[in-house]
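Only one structure is covered here, and it is reproduced in the block below.
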């Protein structure tokens, strides 16, 4: 990971307001990092940040918007993680509301653990991640070799 991180932002419907507030509070720290968001979350994050910035500053805030989570955005993020193109995942997911794409959510969270990507699933953990001194430094996460595990599986 370079000093500038590729940060994925995702929020379920009932958590979008919380993520927008978090982004609004932390937008200065987020400047200089690349943001990758799913669908509606991306539009909300972009609007929040652009409202805070001067017009000339808006070019400093690259935001990539993927598809909506239920329409494949979660899977797009998983692919980006497996390709080494996401450094941090901030995913405010709703533990009280069943999701039609719950298997995709579980797969996304699984892939962050598999590839050892720092992830936050609530505001407190996101606060700890964004305030870490490692956010501004180069960092090489440990990569696990799962080939021995896979070869032990019964065909």
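The values are calculated or read from the model by the stated rules, or taken from the named source; none is laboratory data. Computed from a predicted structure; not experimentally measured. Positions of Cβ are generated from backbone atoms using ideal geometry, with glycine treated the same way; all protein chains shown enter the neighbour counts.
Structure data summary
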quantity	calculated
Selected residue (criterion: nearest to residue 75 (Cα to Cα)) from residues of region 12-33 that are in contact with a strand residue (DSSP E or B) (Cβ under 6 Å, 6 or more places away or on another chain) and modelled with pLDDT of 95 or more	19
Single match in 149, 139 (criterion: assigned to a loop (DSSP other than H, G, I, E, B), modelled with pLDDT under 95 and more than 20 Å from residue 37 (Cα to Cα))	139
Positions within region 29-54 being surrounded by fewer than 17 Cβ atoms within 10 Å (Cβ to Cβ), free of Cβ contacts under 8 Å to residues at least 24 places away in the same chain and in a helix (DSSP H, G or I), in sequence order	43, 47, 50, 51
Sole exception among (1) farther than 17 Å from residue 122 by Cα; (2) crowded, with 19+ Cβ neighbours inside 10 Å; (3) in contact with a strand residue (DSSP E or B) (Cβ under 8 Å, 6 or more places away or on another chain) for residue 78, by number	(3)
In region 81-104, the residues that are over 30 Å from residue 137 (Cα atoms), out of contact with any helix residue (DSSP H, G or I) (no Cβ under 7 Å at 6 or more places or on another chain) and touching a residue at least 24 places away in the same chain (Cβ under 8 Å)	96
Odd one out for residue 118, checked against (1) touching a strand residue (DSSP E or B) at 6+ places or on another chain (Cβ under 6 Å); (2) farther than 11 Å from residue 10 by Cβ; (3) touching a residue at least 60 places away in the same chain (Cβ under 8 Å)	(3)
